[in-house]
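In what follows, a structure is listed as structure tokens, so that the remarks can point back to it.
The values are calculated or read from the model by the stated rules, or taken from the named source; none is laboratory data. Treat the numbers as computed from the prediction; the structure is a model and nothing was measured. Counting neighbours? That spans all protein chains shown, and the Cβs are built from the backbone with ideal geometry, glycine included.
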Amino acid sequence: MRPEDSLVLIIVDIGFYREREIDGPGILHIREILRFFAECGKDIILRIVYDREGNGLKQEPESFSLVKTHFEQIAGLTALFSDNILVYQGMLLGSWGEMHTSRFLSRDHLRELYSIFESRTNGRPFLAVRRPMYWRQLQTRQIYSKPSFRIQAGLFDDGILGSHTDLGTFGVRAKENAGWWDAWETGDELDFEDVLCRYVPNGGEVVLEDGQEQTDSDQLLQAAKERLSKMHITYLNRMHDRRLLNIWRICTWKENGPWDGMNGFDYIGRHLGYRFCIRDAEISRLRKEQYQLVLSIENVGFANLYQEAEVYLVWKEPDGRETRELTDWDARNWVSGAVIRQSHVISPKEGKLYLSLNRKQDGKLIRTANTMECNGRLLLGEFYRKR
């Protein structure tokens, strides 16, 4: 592990139990793995699999009832570490646990497994499925026209850019011809992800498409930026595919702005997930001793914040005393690519006013892209009394 890493991917192989329940020692072993990373302060992407060699049909149980039993056991463990697990990837099934080459990927099978997960974990953490089609199949009705609807299931894609269909993530038929429950062609699926992944996370692995080794590297970088932004990607595996990642490293990002001259790998990395930048702070008087503070906040990252946060205004008076004032702002609404204006009525005190963001579940600091000071809090301004 690297000290600067905040997110780790854990893959646990339970193929040994393809003919029986996970026994006590097996459960304890998985629990200790999760406990170790939790105690190290890492957020976890968890994937439990029957297969790690591409033999999903051979390695998974023959009985779906046993799959359900395993999933109940795993969901119970997941619930114990729900504060530490950001995303649970997959439903045990398929080669490499990537939800393909399995006999149990029908709509009814997926709904049964999701029902188990939801009931055991109470909607935390996020479950991620391999294809947008599977996400739609978890629904009992068409909800694409209602993007405010939130289900605790997101996506993961381990074939990003690997082919026109992301190595089978997407289909080849237009949405209107395929129907709600089936795979759509790439453009329609990306439009769907553009809406869905404003509310739930998306991540995975990038892959260099066969035959593109000689393609202009700057062109590959620009295409990746456009795709990852459209998909609202939160995380990528930095170990795969190294061919493409190394191409990014030798590229130079070109723009008229602060990113000009940065290598492509670092540029992409600094835009994964949310990246809040406070663009402006305004204040106007409402009445005696009351003023309205308005912040302009731009999310320049590819994705959004998907966990609850607490946004505080912190007053630090000349004598060192501090008071914190909780706002009603929901940082999950600071959506990628937009500038959001947030207002709050304040009664100014002499001294400095800071902005502080903290993850609600554990108080972990959420940093902005601005220059920070005073333990990660952003200085908004300073107030003086007339003498």
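Within the range 281-387, considering only strands (runs of 3 or more DSSP E) that don't extend past its boundaries, which have at least 1 residues that are within 23 Å of Leu86 (Cβ to Cβ), in contact with a Cys (Cβ under 9 Å, 6 or more places away or on another chain) and hydrophobic (A, V, I, L, M, F, W, C)?
Where strands (runs of 3 or more DSSP E) fall fully within the range 281-387 and carry at least 1 residues being within 23 Å of Leu86 (Cβ to Cβ), in contact with a Cys (Cβ under 9 Å, 6 or more places away or on another chain) and hydrophobic (A, V, I, L, M, F, W, C), they are 290-299.
Give the range 81-135 a look and list any residue that's closer than 14 Å to Asp158 by Cβ and acidic (Asp, Glu), or say none.
Within the range 81-135, Glu98 is the sole residue that qualifies.
From the list Ser336, Ser296, which one is surrounded by fewer than 17 Cβ atoms within 10 Å (Cβ to Cβ), hydroxyl-bearing (Ser, Thr, Tyr) and at pLDDT 95 or above?
Ser296
Does the range 183-192 hold any residues that are of a type outside the set (Gly, Ala, Ser) and either in contact with a Lys or Arg (Cβ under 7 Å, 6 or more places away or on another chain) or part of a strand (DSSP E or B) (or both), and which are they?
Within the range 183-192, Trp184, Glu185, Asp188, Leu190 qualify.
Any chance you could count how many residues in the range 65-104 are under 21 Å from Arg131 (Cα atoms) and over 24 Å from the mean Cα position of the chain (by Cα)?
Count: 6.
Against the condition more than 26 Å from the chain's Cα centre (by Cα) and acidic (Asp, Glu), how does Asp216 come out, does it pass?
yes
Can you pull out every residue in the range 210-240 that is part of a loop (DSSP other than H, G, I, E, B) and modelled with pLDDT of 95 or more?
Residues satisfying the conditions are His232, Ile233, Thr234, Asn237.
At least 1 residues that are modelled with pLDDT of 95 or more and farther than 30 Å from Gly363 by Cα in each: list the strands (runs of 3 or more DSSP E) lying fully within the range 71-161 that qualify.
Of the strands (runs of 3 or more DSSP E) lying wholly inside the range 71-161, those with at least 1 residues that are modelled with pLDDT of 95 or more and farther than 30 Å from Gly363 by Cα span 153-160.
Restricting to the range 194-209, give me the number of residues that are surrounded by fewer than 20 Cβ atoms within 10 Å (Cβ to Cβ) and assigned to a helix (DSSP H, G or I).
Total satisfying the criteria: 2.
Would you confirm whether any residue within the range 250-264 is out of contact with any Lys or Arg (no Cβ under 9 Å at 6 or more places or on another chain), without any contact (Cβ under 8 Å) to a residue 40 or more places away in the chain and not in a loop (DSSP other than H, G, I, E, B)?
Yes, that holds for at least one residue.
Give the residues of the range 6-26 that are of a type in the set (A, V, I, L, M), without any contact (Cβ under 8 Å) to a residue 60 or more places away in the chain, under 20 Å from Asp51 (Cβ atoms) and not in a loop (DSSP other than H, G, I, E, B), sorted by residue number.
Ile10, Val12
Please specify each residue of the range 91-103 satisfying the condition of being buried (at least 22 other Cβ atoms within 10 Å of the Cβ) and touching a residue at least 40 places away in the same chain (Cβ under 8 Å).
Step one: of the range 91-103, the residues buried (at least 22 other Cβ atoms within 10 Å of the Cβ) are 91-94, 97-99, 102.
Across the range 91-103, the qualifying residues are Leu92, Leu93, Gly94, Gly97, Glu98, Ser102.
Every residue, every condition in (1) touching a Phe, Trp or Tyr at 6+ places or on another chain (Cβ under 7 Å); (2) surrounded by fewer than 20 Cβ atoms within 10 Å (Cβ to Cβ), yes or no:
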site: Gly211; (1), (2): no, yes
site: Arg227; (1), (2): no, yes
site: Leu244; (1), (2): no, no
site: Asn256; (1), (2): no, yes
site: Phe265; (1), (2): yes, yes
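Does Glu226 count as without any contact (Cβ under 8 Å) to a residue 24 or more places away in the chain, under 24 Å from Arg275 (Cα atoms) and in the same structural domain as Asp166 (by TED's automatic domain parsing)?
So Glu226 fits the description; yes.
Filter the range 28-64 down to residues that are within 17 Å of Arg130 (Cβ to Cβ) and among the basic types (Lys, Arg) and give me whichever is surrounded by the most Cβ atoms within 10 Å (Cβ to Cβ).
Among residues in the range 28-64 that are within 17 Å of Arg130 (Cβ to Cβ) and among the basic types (Lys, Arg), the one surrounded by the most Cβ atoms within 10 Å (Cβ to Cβ) is Arg47.
Any chance the range 61-79 includes a residue that's assigned by TED's automatic domain parsing to the domain that holds Thr169, among the basic types (Lys, Arg) and without any contact (Cβ under 8 Å) to a residue 40 or more places away in the chain?
Scanning the range 61-79, I find no residue that is assigned by TED's automatic domain parsing to the domain that holds Thr169, among the basic types (Lys, Arg) and without any contact (Cβ under 8 Å) to a residue 40 or more places away in the chain, so the answer is no.
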